[in-house]
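Colleague: First the structure, then my questions, so here it is.
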Amino acid sequence: MDKPTETTKAFNFFNRGVETASDSVHKAIDKANHAASPIIDNLTDSAHHTVDQLANGATDAADAISHKGEQLHHLQQQLSAGVRTQVRKHPLLMVSLAVAGGALLGLWFSHKSDKN
């Protein structure tokens, strides 16, 4: 019966040692966490601020692009209406300009292909 008692004592001693070591490690972790907490909080706040700035910048850029797209669409409509009006007012002149432009482009492209 001595053996179970000695084994029990050894087991209890071992458990107390493990508990003491575990408590010491937990205290060290808590101390490190407490010491690092302001640094981690600052890093976290900085990261959140940076992400917010990036998101705001992306939103502003998207708004600007959308606005420019609307402006270009409006300009396209104005140019189309202006061209349509001129074609209706001067149909023969517009057809003559189109034929002359096509002939000039044809000459230019044929001249370029002769050099190659």
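Colleague: Looking at (1) 60, 13, 8; (2) 27, 14, 11; (3) 88, 23, 13, which value of semi-axes √(5λ) of the Cα gyration tensor in Å comes from a calculation on the structure shown?
Modeller: Given (1) 60, 13, 8; (2) 27, 14, 11; (3) 88, 23, 13, the structure-derived one carries the label (3).
Colleague: Cα centroids of the stretch 56-116 and the stretch 1-55: how far apart, whole angstrom?
Modeller: Spelled out, the Cα-based centre of one part sits 71 Å from the other.
Colleague: On a 0 to 90° scale, report how tilted helix 2-89 is relative to the longest principal axis of the chain, with both axes built from alpha carbons and the result rounded to the nearest 10.
Modeller: Approximately 10 degrees, to the nearest 10.
Just so you know, all these numbers are worked out from the coordinates, no wet-lab data involved. Predicted model only: the values in this text are computed from it and were never measured.
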